[in-house]
Amino acid sequence: MDQPKAERPPKADYARIATEEAFAPAEMMNIWRKILEGPDPDPGFVSLIGFYMTSQAERPRHIMNCLTDLGAMRLRHMEEAGIDRQVIALTSPGVQVMEADSAVDFAKVANDELAEACRNHPTKFSGMVAIAPQKPAEAAKEIERGIKQLGLTGVIINSHTHGEYLSNPKFWEIFEAAEANDTPIYLHPNTPPRDMIRPFLEVGLDGAIFGFGVETGLHALRLITSGVFDRFPKLQIIIGHMGEALPFWAYRLDYMHAATVRSNRYESMKPLKKKPSEYLRENFHITNSGVAWEPAIKFTQDVVGTDRVLYAMDYPYQHSIEEVHSLDRMQMAPEVKKAFFQTNAEKLFKIS
Ligand code: CA
């Protein structure tokens, strides 16, 4: 059931802080099971969570065991992989698949559980605040409680909520609260919503292999084009998986955004104060979760800056000791590698 053995990565000149690591309270599985058994559940949720909750294959069983552990097993896996600290968040889709009132209530339960684990292991765990975007005012209050009272750091939002995107101003109270509490928001993937998923699902590409990246990249881009960062210039959004491909798109986004605005083609695409790529460089941090690949990491550092690219393992979904070795071996200036593994995360998540 455990990872195949690989040598523990040796001590390095940097601490390895993994910044997109997942957990799930056992009680959440019961809520999720009821949603799966209820009328007309979301097809992406059925495909992803329906699989994880019922499959007897080794990989999903390993993942489900690891997700609910915030103690000895997780710490042992970190030790074996040379991970000094995890920044932990409620796994996707978290409370966002629930109806609004349960989502608000369960986010608090999850945050209390995670905060307790962080208090028990203050040198090993940091945790992000889960919120229910379904109720933006409640979400804003929970951000403040999570940061100020529970000692959590960062906010996790698992992309769309019942097919709705945070580019809609009805959600912007959440951004106001993040900015006011000086905390970043991690925009983590979810499966594509009902209106988008069919062509992915029919060929098995709806999940982490591709659908996640397309859906979350779209979400992040919607934040840019809707003017979120003109309204909240200090807001910091974290996206994983090497920026969900957006750095690779940056040139074309700039060109076509300017062309589209000039030709006044869409009511929904208004002029912005800056180019899309400038928001990527000023309002985003990017983790390499799921992408232990030197060329992609270096390209992204080149596009958004070495101070904005961070390490993540994506435990337990991509629990690979080999990947830590391969990242240790990257040909990179020592100070840049230390920023990637350690100091960028310390600064962004206020870890001391
Ligand atoms: Ca993840």
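Just check the stretch 80-124 against the gyration tensor rule for me: Cα atoms, a ≥ b ≥ c as the square roots of the eigenvalues, rounded for a/c under 1.5, and otherwise prolate or oblate depending on whether a/b exceeds b/c. Oblate, since a/c reaches 1.5 and b/c is not below a/b. Given Cα pairs under 8 Å that are at least 6 residues apart, what percent is the relative contact order of the chain? For the chain, the relative contact order is 19 percent. Can you find, among 276, 290, 330, the residue sitting farthest towards the positive end of the charge dipole of the stretch 275-352, where Lys and Arg contribute +1 and Asp and Glu -1 at Cβ? Ranked along the dipole, the leading option is 276. The stretch 1-75 to the stretch 80-99: how many Å between their Cα centroids? Comparing the Cα centres of the stretch 1-75 and the stretch 80-99, I get a distance of 8 Å.
Relative contact order for the stretch 264-311: what is it in percent, counting Cα pairs under 8 Å that are at least 6 residues apart?
On the way: 25 pairs, mean separation 19.7, N = 48.
Here the relative contact order equals 41 percent.
Counting other Cβ atoms within 10 Å of each Cβ, which GluC sites (Glu not before Pro) in the stretch 199-276 have at most 16 and sit in a DSSP loop? Kindly include the intermediate steps, with their values, before the conclusion.
Details: sites: 202, 215, 244, 267; in loops: 202, 267.
Qualifying residues, ordered by number: 202, 267.
Across the protein chains, with a 1.4 Å probe defining accessible surface, the residues 105, 42, 195 rank 195, 105, 42 from largest area downward.
Adding -39500 (n - 2.57) for every DSSP H run of four residues or longer, then dividing by how many residues the chain holds, sets the calculated 222 nm ellipticity at -12500 deg cm²/dmol. Computed about its Cα centre, the charge dipole of the chain is approximately 800 debye, with only Lys, Arg, Asp and Glu carrying charge at their Cβ. Between amide H atoms placed 1.01 Å from N, distances below 5 Å from residue 126 occur with 86, 87, 88, all of them 5 or more places distant or on a separate chain.
Around residue 14, under 12 Å between beta carbons, what's the net of Lys plus Arg minus Asp minus Glu among the other residues? Write out the running numbers ahead of the final one.
On the way: positive: 11, 16, 85, 337, 338; negative: 13, 84, 328, 335, 346.
Cβ neighbours under 12 Å give a net charge of 0.
Would you work out if the stretch 234-352 is rounded, prolate or oblate? Take a ≥ b ≥ c from the square roots of the eigenvalues of the alpha-carbon gyration tensor; rounded if a/c is under 1.5, else prolate when a/b is larger than b/c, oblate otherwise. Prolate. The listed peptides 30-40, 81-91, 330-340, ordered by packing as a protection proxy, come out as 81-91, 330-340, 30-40 (highest mean of other Cβ atoms within 10 Å first). Think of the chain as having a plus end and a minus end, set by charges on the Cβ of Lys, Arg, Asp and Glu; of 156, 178, 56, 178 sits farthest toward the positive end of this dipole. The accessible area of residue 188, taken with all protein chains in place and a 1.4 Å probe, comes to roughly 30 Å². Computed with every protein chain present, the accessible area of residue 119 is close to 150 Å² [probe 1.4 Å].
Most simply put, the chain has about 5% antiparallel DSSP beta bridges, counting only bridges with both residues inside it.
Label-to-label distance, residue 58 versus residue 252, with points set 7 angstrom from Cα along the beta-carbon direction: 3.9 nm. The residues packed around residue 282, meaning those with a beta-carbon under 13 Å from its beta-carbon, carry a net charge of +3 if Lys and Arg are +1 and Asp and Glu are -1. Placing 265, 308 in order of accessible area, with the largest value first and a 1.4 Å probe, yields 265, 308. Close amide-amide hydrogen proximity is noted between residue 186 and 155, 156, 157, 238, each under 5 Å apart and 5 or more residues distant or on a separate chain (H modeled in the peptide plane; Pro and chain starts excluded).
Can you classify the stretch 17-348 as rounded, prolate or oblate using the Cα gyration tensor, where a ≥ b ≥ c are the square roots of its eigenvalues, rounded means a/c under 1.5, and otherwise it's prolate if a/b beats b/c and oblate if not? Taking the square roots of the gyration eigenvalues as a ≥ b ≥ c, the stretch 17-348 is rounded.
The values are calculated or read from the model by the stated rules, or taken from the named source; none is laboratory data. On a predicted model such as this, the values are computed, not experimentally measured, just so you know. FYI the Cβ positions are ideal-geometry reconstructions off the backbone, even for glycines, and counts take in every protein chain you see. These area figures cover heavy atoms from the full protein model, side chains too; ligands, DNA and RNA do not enter into them. Shrake-Rupley method; radii C 1.70, N 1.55, O 1.52, S 1.80 Å.
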